[in-house]
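Please read the structure below before turning to the comments.
The values are calculated or read from the model by the stated rules, or taken from the named source; none is laboratory data. Just so we're clear, the structure is a prediction, and the values are computed from it rather than from any experiment. Keep in mind that these areas ignore ligands, DNA and RNA; they rest on the heavy atoms of the full protein, side chains included. Shrake-Rupley method; radii C 1.70, N 1.55, O 1.52, S 1.80 Å.
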Amino acid sequence: MMGMKNSHAAHGSSVAQRHRSSATRALAAPLTFAACFGMGLLTAAAADTDHGQKAPYDCWQPESTVKGCAVPTEDGQLRLTPSFLARLRFGPDELAPVVLLGRTKGEAVRWLYVRRDGAMAAVMAYDNGAEEFTNGRARSPVGAKIGYIDPSLRLVIPAIYDGAYPFDNGVAVVCLGCSLVSEGGHSWFEGGTWGCIDPDGRAVAPFRVREQKVFSEICRP
């Protein structure tokens, strides 16, 4: 799975300190997954042999790579095969994380959350795992933008942000017009305007240009 490398985002000591208390939450670079199918919910399982004219995807699990686990459909959706869906291990939240491998060398690895009925949604990733839900929200890439899904996999905060971070203590830092910058194994956002939202997507702090990304100050009304 392309080595399953970690995707860390470093934003200086002030930001790092804010998120050490949420070490399992993602500060991951979103554009790794921006090529994901851009729908909040994708469709359910198709027949194992129903690959049509489109090449199937392979999936990765800790013990092996599963060949032909998913296939794109004519309407641009993605479907898991029944046999692969049946082998997934669902957590207490009734969700299973799935790693979708690219079909070509340049195609990105994609993380998805899957329900027992086969419905799924793209999710950000960190440290070889799907981003966990905090305050009932997890970041979800839609094209080149980022929104937030809830545990039912509904896109409850529209994907309008160019940069976004996990919720922490009821708020999340987001940015508009910002760009992803990477160096080594670290990535962060620069430029644009920065603000803070609540789990309903309402701005709790005005969006403005900020020289220093101190999250506690960004979320101050």
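Residue order by solvent-accessible surface for ASP75, ASP58 is ASP75, ASP58, largest first, with ligands and nucleic acids left out and a 1.4 Å probe. ARG87 exposes around 110 Å² of accessible area when a 1.4 Å probe is run over every protein chain in place.
Given 0.36 nm per residue, what is the gain on full extension from GLU217 to LEU176 after removing their alpha carbon distance, in nm? All intermediate terms of the calculation are to be shown ahead of the outcome.
Working: separation 41, 0.36 × 41 = 14.76 nm, distance 1.71 nm.
Taking GLU217 through LEU176 to full extension adds about 13.0 nm, to one decimal.
In angstrom, the C-alpha Rg and Dmax of the stretch 147-221 are 12.4, 37.
So between ARG103 and ASP127, what do we pick up on full extension, going 0.36 nm a residue minus the alpha carbon distance?
On the way: separation 24, 0.36 × 24 = 8.64 nm, distance 2.24 nm.
Taking 0.36 nm per residue and subtracting the Cα distance, the gain is 6.4 nm.
Whole-Hz Karplus values for the stretch 64-80 come out as 5, 9, 9, 6, x, 7, 8, 9, x, 9, 4, 8, x, 7, 10, 10, 8 Hz, taken residue by residue from phi with 6.51 cos²θ - 1.76 cosθ + 1.60 and θ = phi - 60°; glycine and proline positions read x.
For the stretch 124-189, the relative contact order is 21 percent, taking Cα pairs closer than 8 Å that sit 6 or more residues apart in sequence and dividing their mean separation by the residue count. Per residue, the Cα convex hull of the stretch 94-221 amounts to 117 Å³.
Of LYS105, LYS67, which has the most accessible area and how do the rest follow, probe 1.4 Å? List each step's numbers first, then the result.
Details: LYS105 200, LYS67 150 Å².
Ranked list, largest accessible area first: LYS105, LYS67.
Applying the Karplus relation 6.51 cos²θ - 1.76 cosθ + 1.60 with θ = phi - 60° to the stretch 207-221 yields 3J(HN,Hα) values of 7, 7, 5, 10, 6, 10, 8, 8, 4, 4, 7, 4, 8, 7, x Hz, where x marks Gly and Pro. Using 0.36 nm per residue and subtracting the Cα-Cα separation, the extra length available between HIS186 and ARG202 on full extension is 2.8 nm.
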